[in-house]
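Since the structure comes first, as structure tokens, the remarks are kept for the end.
The values are calculated or read from the model by the stated rules, or taken from the named source; none is laboratory data. None of the values given here were measured: they were computed from a predicted structure. Glycine also receives a Cβ, built like all others from the backbone with ideal geometry; neighbour counts cover every protein chain displayed.
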């Protein structure tokens with residue numbers, strides 16, 4: 001794992017409002033979304049990295065059928081149609097989304113005073129999955145002089161009027177561990193963005209009118 005090779009690389013990491021290795025987004029936080037301290041989420045008994053210093057979790061209720069929410073989240077090749085920060089994506093396997101499925105995707109990093117525009121390549125592999133219930137994937141995000149390893153868990157639970165969606169993610173790597181508070185804030189904002197996009201898209205497809 002490469003270290004921080006220059007101050008410009010570190011500046012690029014900590015001045016970009018995105019989260020890598022699984023969560024990216026710039027949408028406003030969904031109404032009612034709240035951080036969830038305490039017990040970590042799991043999928044088939046496996047959770048996030050227990051040793052990671054950078055971690056965040058959040059949840060919200062989406063007023064749409066579980067089948068709609070699940071399809072949006074697992075039809076990864078269509079992510080760019082509802083998540084602007086996902087620039088390109090490619091399934092690395094075929095057939096139903098399942099344990100062992102893998103996908104490679106990219107997201108842009110805009111220019112800042114220290115570095116020019118660039119992009120990150122993320123390769124995610126599904127380690128655990130239970131249909132309409134949970135997903136856990138892992139994988140690295142790699143850019144010039146940068147590597148972050150992420151573990152991301154999603155839980156989906158039917159509730160009155162919709163679906164309770166909970167998500168938790170951890171990041172490890174020299175760059176994020178060099179400034180844990182900033183990296184944690186970036187991660188949390190990314191989770192809020194992704195959940196906001198998922199909520200808005202699912203509810204629009206279900207015909208739900210926000211109050």
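Numbers below:
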| quantity | calculated |
| --- | --- |
| Qualifying residue in the range 159-181 (condition: free of Cβ contacts under 8 Å to residues at least 40 places away in the same chain, in contact with a strand residue (DSSP E or B) (Cβ under 7 Å, 6 or more places away or on another chain), over 16 Å from residue 56 (Cβ atoms) and surrounded by fewer than 23 Cβ atoms within 10 Å (Cβ to Cβ)) | no |
| Considering residues of the range 144-158 that are in a strand (DSSP E or B) and touching a helix residue (DSSP H, G or I) at 6+ places or on another chain (Cβ under 8 Å) only, the residue surrounded by the most Cβ atoms within 10 Å (Cβ to Cβ) | 148 |
| Residues located in the range 129-150, provided they are touching a strand residue (DSSP E or B) at 6+ places or on another chain (Cβ under 8 Å) and closer than 23 Å to residue 62 by Cα | 129, 130, 132, 133, 134, 135, 136, 137 |
| Filter result (assigned to a loop (DSSP other than H, G, I, E, B) and surrounded by 14 or more Cβ atoms within 10 Å (Cβ to Cβ)) within the range 54-91 | 63, 64, 65, 82, 83, 84, 85, 86, 87 |
| In the range 120-146, the residues that are modelled with pLDDT under 95 and over 16 Å from the mean Cα position of the chain (by Cα) | 143, 144, 145, 146 |
| Hits in the range 159-205 (condition: in a strand (DSSP E or B) and within 22 Å of residue 99 (Cβ to Cβ)) | 163, 165, 166, 167, 168, 169, 170 |
| The range 99-118: number of residues that are modelled with pLDDT of 85 or more and either within 16 Å of residue 156 (Cα to Cα) or under 16 Å from the mean Cα position of the chain (by Cα) (or both) | 6 |
| Odd one out for residue 22, checked against (1) within 24 Å of residue 130 (Cβ to Cβ); (2) modelled with pLDDT of 95 or more; (3) touching a strand residue (DSSP E or B) at 6+ places or on another chain (Cβ under 9 Å) | (2) |
| The range 182-211 - residue that is touching a helix residue (DSSP H, G or I) at 6+ places or on another chain (Cβ under 7 Å) and closer than 16 Å to residue 79 by Cα and, of those, surrounded by the fewest Cβ atoms within 10 Å (Cβ to Cβ) | 205 |
| Qualifying positions in the range 25-53 - in a strand (DSSP E or B) and either modelled with pLDDT under 95 or more than 19 Å from residue 129 (Cα to Cα) (or both) | 34, 35 |
